[in-house]
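Beneath this line is the structure, given in structure tokens, with notes to follow.
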Amino acid sequence: MRLTPHLRAVLQALLVAFLWSTSWVLIKIGLQREIPPLTFAGLRYTLAFLCLLPFFLRRSDYRTLLKAQTRRSWMWLLLLGLLFYTATQGAQFVGLALLPAATVNLLLACTAVVVALFGIRMLAERPTALQWGGMGLYLVGVAVYFYPAVLAGDQIIGILVVSGGVLANAGSALLGRAINREGVLPPLIITTVSMGIGAVVLLAVGIATQGMPILSITEWLIIAWLALVNTAFAFTLWNHTLRTLTALESSLINNTMLIQIPLLAWVFLGEALDIKAILALVIAGAGILIVQLRRLPFRR
């Protein structure tokens, strides 16, 4: 069977979502070994940037194309790096240090709602009625998961931090889609430049506020895997899929992590869920599935 460009992009995006799901387990393991969250995140993405840099530098046409970009294009790449790497990933690591993996993932999945609301005006991408229905079902699942809300002090801080990450993640999803849809810059340029900017800032903030720990070989291996496979490769492939998928489609495929992460956390981290939480995740996952069952046309 010959794959259509859209189906190929969906499958590639699903592979990236799985790799990112495994990242949460590795991150939690690293945090349990007392690696400071911001420094941990900064090391991961800085090393990933260094992995991508040789592939970028070997392309003279890429270097020429990047030099020809306007100040406005550089501003968008700078903003993408700060939103997608510094803010979103920093908030994710801090949130995982304070909250269970399933809770952080469910909160970050709210990005889809923000993307849907702001993507209508910013990207002229209008969801169909069925897709809105799926989004509504997802929100019901979120409500069931958190009812009744009884939270401790650290949990409240974690929720606030992750909520800020949701806004940054939504902004980066919209901005990344807009940049890729123009088709001017190849995915490798977009990923390398934005990641380099965001990662260096994140690492600098982490070292300045949390310090640089002495890491064991196991901890360096975790960081190396996260950097090379789950970041350098995965983020490049993700940017490639954004040329075909809409912002809402990309966000909802990313939200399949809502089901994958709790399963991986249960198997590898022992983070069990009660019946209510499982029901909530099933409801939320069903909402995502409804939207992804078929590609419905978007009015542009």
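The values are calculated or read from the model by the stated rules, or taken from the named source; none is laboratory data. Values in this document were obtained by computation on a predicted structure and should not be read as measured data. Cβ placement follows ideal geometry from the backbone for every residue including glycine, while neighbour counts extend to all protein chains displayed.
Hey, among the residues in region 4-50 that are among the β-branched types (Val, Ile, Thr) and either within 14 Å of the chain's Cα centre (by Cα) or outside any loop (DSSP other than H, G, I, E, B) (or both), which one's farthest from PHE84 (Cα to Cα)?
Step one: list which residues in region 4-50 are among the β-branched types (Val, Ile, Thr), which gives 4, 10, 16, 22, 25, 27, 29, 35, 39, 46.
Keeping just the survivors that are either within 14 Å of the chain's Cα centre (by Cα) or outside any loop (DSSP other than H, G, I, E, B) (or both) gives 10, 16, 22, 25, 27, 29, 39, 46.
Values: VAL10: 21, VAL16: 16, THR22: 19, VAL25: 20, ILE27: 17, ILE29: 23, THR39: 16, THR46: 13 Å.
Taking the candidates together, the pick is ILE29.
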**OP:** Looking at (1) at pLDDT 85 or above; (2) surrounded by fewer than 23 Cβ atoms within 10 Å (Cβ to Cβ), find the lone condition where ALA170 falls short.
**Re:** (2)
Original post:
Among the numbered criteria (1) modelled with pLDDT of 80 or more; (2) aromatic (Phe, Trp, Tyr); (3) touching a helix residue (DSSP H, G or I) at 6+ places or on another chain (Cβ under 6 Å); (4) surrounded by 17 or more Cβ atoms within 10 Å (Cβ to Cβ), which single criterion is violated by PHE235?
Top reply: (1)
Original post:
Do you know which residues across region 144-158 are surrounded by fewer than 22 Cβ atoms within 10 Å (Cβ to Cβ) and modelled with pLDDT of 90 or more?
Top reply: ILE157
Original post:
Just one of LEU245, LEU273 is part of a loop (DSSP other than H, G, I, E, B), touching a residue at least 60 places away in the same chain (Cβ under 8 Å) and either more than 24 Å from GLY81 (Cα to Cα) or touching a Pro at 6+ places or on another chain (Cβ under 8 Å) (or both); which is it?
Top reply: LEU273
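For every residue, the table says whether it meets (1) under 18 Å from LEU202 (Cα atoms); (2) of a type in the set (A, V, I, L, M); (3) touching a Pro at 6+ places or on another chain (Cβ under 6 Å); (4) surrounded by fewer than 20 Cβ atoms within 10 Å (Cβ to Cβ).
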residue	(1), (2), (3), (4)
THR70	no, no, no, yes
ALA91	yes, yes, no, no
LEU96	yes, yes, no, no
ALA129	no, yes, no, yes
GLY134	no, no, no, no
LEU139	no, yes, no, yes
VAL161	yes, yes, no, no
